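Beneath this line is the structure, given in structure tokens, with notes to follow.
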């Protein structure tokens, strides 16, 4: 079978979130699938030596023209399947092969869609609807996302397959303490801190997190000594200015550290060094960072809405992300209760293993997609 893939994630300069997941999916396909022939469409040079059943085509054009030339190429080559792991544009317009799309989230259609740019809403509305209608199969990354697909688009149940994201093996407990200290020195971080990882944008709910943190460090009745700093890691998204303004307004610039984008290979050190990881997102299609933190032995606080309860199970402290006092209370609990931290570490590690990748666990994202792409068509 001939499978074309939108593989631009492989050459992304600063991959995050779903790009990192798709990179790992392709890495798994390189290892596991020796039967199908894959044709990777890229928009930048990619010098890596590929397995014999993988080919690549580099089209160096701006995004709108890139999609146009890929569509023309699909007509010429007559592929069996076009696999769209990150973008809906080509499957929305491609009628020459069977489309398989991954839906990572449906944030723009959720109850908090007011925090989305108008042009994004219009763009996503047209292309998502068309892509879903024009796809033979839809991969949802969580049961919550599948439910949203049925709710918002009336997609029939048997057209959707749920394949959860997986935690890469690089997220693990690091035994080398000297390496950890060198890492902390590299980023000028204290030995313990509260950690957030994610794009700086409204739906990540960082402003409420900062307000909750402010309540914790200014609680005169608190038994917590030497309040740990709050470290916020992630590239700037849209409407990020309010986050920095809130820190300035509360006069806590000396307690909040912004690291911007951090390479994925450094994230395990961050997670393991943190006192706890907090992720009060307002909406996630899956929510991988809490699992990554758990795999590194870090206690987790996260939201009790969207897909996050499904992902973390009983291995995290769940909070209403709209209530600042509830987020603050959860932070106080974890900072002051050592036995709770130890319990969450143990439960979290077990929970993360349920989503691990590899040949020994063919249940989750990358390995299952490899099998799915082969099986559903034949």
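The numbers here are math on the coordinates, done by the rules we state, and not lab data. Worth saying up front: this structure is predicted, and the values here are computed from it rather than measured. Neighbour counts run over all protein chains shown; Cβ positions are idealised from the backbone, glycine included.
Just to be sure I understand: if I project the alpha-carbon convex hull of region 116-258 onto a plane and average over all orientations, what area do I get in nm²? List each step's numbers first, then the result.
On the way: hull surface 51.3 nm².
Average projection, Cα convex hull of region 116-258: 12.8 nm².
Return the FRET efficiency for the residue pair residue 60, residue 14: r is the Cβ-Cβ distance, R0 is 22 Å, and the value is rounded to the nearest 0.05. Intermediate results must be reported in sequence, preceding the final value.
Numbers: r = 19 Å, r/R0 = 0.85.
Efficiency at R0 = 22 Å is approximately 0.70.
Say we join alpha carbon atoms closer than 10 Å with springs in a Gaussian network model of the chain; which of 261, 213, 283 then has the biggest fluctuation?
In this elastic network of the chain, the residue with the biggest mean-square fluctuation among 261, 213, 283 is 261.
What FRET efficiency comes out for residue 37 versus residue 207 if R0 is 51 angstrom and r is the Cβ-Cβ distance? Round to the nearest 0.05.
Efficiency for this residue pair is about 0.60.
Sequence gap at least 6, Cα distance under 8 Å: using those rules, report the relative contact order of the chain to the nearest whole percent. Spell out each step's value before the answer.
Values: 694 pairs, mean separation 61.2, N = 378.
Rounded, it is 16 percent for the chain.
Which entry in (i) 38, 22, 20; (ii) 34, 26, 19; (iii) 30, 25, 21 matches semi-axes √(5λ) of the Cα gyration tensor in Å derived from the coordinates of this structure?
Computed from the coordinates, semi-axes √(5λ) of the Cα gyration tensor in Å corresponds to (i).
Comparing 265, 148, 176, which has the greatest mean-square fluctuation in the GNM of the chain with Cα pairs linked when under 10 Å apart?
176
At what distance in nm do the modelled label points of residue 260 and residue 173 sit from each other, each positioned 7 Å from its Cα along Cα→Cβ?
3.5 nm
Fully extended, how many nm does the chain gain between residue 336 and residue 136 (0.36 nm per residue separation, minus their Cα-Cα distance)?
Working: separation 200, 0.36 × 200 = 72.00 nm, distance 5.15 nm.
Value of the extension gain: 66.9 nm.
Please report the relative contact order for region 232-301, taking Cα pairs under 8 Å with a sequence separation of at least 6, and give it as a percent rounded to a whole number. Spell out each step's value before the answer.
Details: 57 pairs, mean separation 21.3, N = 70.
After rounding, I find 30 percent.
Can you give me the angle between helix 143-153 and the longest principal axis of the chain, using Cα atoms only, in degrees from 0 to 90, rounded to the nearest 10?
60 degrees
With label points built 7 Å along Cα→Cβ from the Cα atoms of residue 219 and residue 157, find their separation and express it in nm.
4.4 nm
Please work out whether region 41-102 counts as rounded, prolate or oblate from its C-alpha gyration tensor, where a ≥ b ≥ c are the square roots of the eigenvalues and a/c under 1.5 means rounded, while otherwise a/b larger than b/c means prolate and anything else oblate? Mind showing how you got there, number by number?
On the way: a/c = 1.64, a/b = 1.24, b/c = 1.32.
Since a/c reaches 1.5 but b/c is at least a/b, the shape of region 41-102 is classed as oblate.
Length gain on complete extension for the stretch residue 53 to residue 322, per 0.36 nm per residue less the alpha carbon to alpha carbon distance?
Between residue 53 and residue 322, full extension yields 91.9 nm more.
Specify the angular offset, from 0 to 90 degrees and rounded to the nearest 10, of the alpha carbon long axis of helix 63-77 from the longest principal axis of the alpha carbons in the chain.
That helix lies at roughly 40 degrees to the long axis.
Angle between the Cα long axis of helix 338-353 and the longest principal axis of the chain, 0 to 90 degrees, nearest 10?
The angle comes out near 10 degrees.
Take the Cβ-Cβ distance between residue 150 and residue 68 as r, set R0 to 22 Å, and report the resulting FRET efficiency rounded to the nearest 0.05. Each step should come with its number before you reach the end.
Working: r = 32 Å, r/R0 = 1.46.
With a Förster radius of 22 Å, E is 0.10.
Looking at region 196-305, what % of its DSSP beta bridges pair antiparallel, to the nearest 5?
On the way: 0 of 10 bridges.
Around 0 percent of the beta bridges assigned by DSSP in region 196-305 are antiparallel ones.
Just to be sure I understand: with springs between alpha-carbon atoms less than 10 Å apart, which residue in 23, 334, 64 has the highest mean-square fluctuation in the Gaussian network model of the chain?
Comparing 23, 334, 64 in the GNM, the peak value goes to 64.
Taking only DSSP H segments of four or more residues, each worth -39500 (n - 2.57), what value at 222 nm results for the chain once the sum is divided by all its residues, to the nearest 500 deg cm²/dmol?
On the way: 14 runs with 153 residues, N = 378.
Mean residue ellipticity, 222 nm, calculated: -12000 deg cm²/dmol.
If you find the alpha carbon centre of region 255-310 and of region 92-112, how far apart are they in angstrom?
Here the answer is 26 Å between Cα centres.
Using all alpha carbons of region 177-353, what is the percent of pairwise distances in each 10 Å bin, ordered from the shortest bin to the longest?
All Cα pairs, binned at 10 Å, distribute as 10, 41, 40, 9, 0 percent.
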